[in-house]
Amino acid sequence: MDEFDSWAAGTGEVDGKLLIFRFRVQPPADADQATFPHLMAVSWEYESPNDSGMPAEEVAERMVELEELLVEALENSWAAFLFVVTTCDGVRDWQWYAKDPDEVMRLVNVALGELEPFPIDFGFMDDPEWAEYARFQALEGAPDEDEDEEDEEDEED
């Protein structure tokens, strides 16, 4: 996949809990909807050590390890590409677009097979229009709340 990927990040709130997300601004070069029609979600539920809903440091470190293993296995083989990661209220989700779910799971099993098991669940659904990706790409063009306030102040001057 493209080593010059551009990612955007943001925060929000869901039911009073912190939401942190990052997403790939553009799909990798040569990735198209016809080739990657399947949305794959990888979910990790965890107990948060505080009211923020964020994972403990040691859990977060394991999550980074998992992501690196999956990116290496799936993107380097051109079987899937990661497009968004969200963390909120005891759950981290990685969302990918995949070519063939069976091949993706074969590669996941090879990549993770000898390691201590990760507490993750996999789900697949068809999304040939990349509707889920479009939701996050729309955020890229939205101004931050702080920018709106600055613009209003400039207009008042």
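The numbers here are math on the coordinates, done by the rules we state, and not lab data. As the structure is a computational prediction, the values presented were derived from the model and not from experiment. Here the Cβ positions follow ideal geometry from the backbone for every residue, glycine too, while neighbour counts run over all protein chains shown.
Here are the numbers for the structure shown:
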{"read-out": "Sorted peptide list for 118-125, 75-82, 103-110, criterion being average Cβ within 10 angstrom, highest first", "value": "75-82, 103-110, 118-125"}
{"read-out": "4 °C / 1.567 mPa s Stokes-Einstein diffusion coefficient of the chain, Kirkwood radius on C-alpha pairs, µm²/s", "value": "76"}
{"read-out": "Extension gain, PHE122 back to ASP15 (0.36 nm per residue minus Cα-Cα distance, nm)", "value": "36.1 nm"}
{"read-out": "Segment ARG106-ASP51, extension gain: residue separation times 0.36 nm, minus the distance between their alpha carbons", "value": "16.1 nm"}
{"read-out": "Calculated FRET efficiency for the pair GLU68/ALA134, C-beta based, R₀ 30 Å, to 0.05", "value": "0.65"}
{"read-out": "Value of relative contact order over the chain, rounded to a whole percent, pairs C-alpha under 8 Å and six or more apart", "value": "29"}
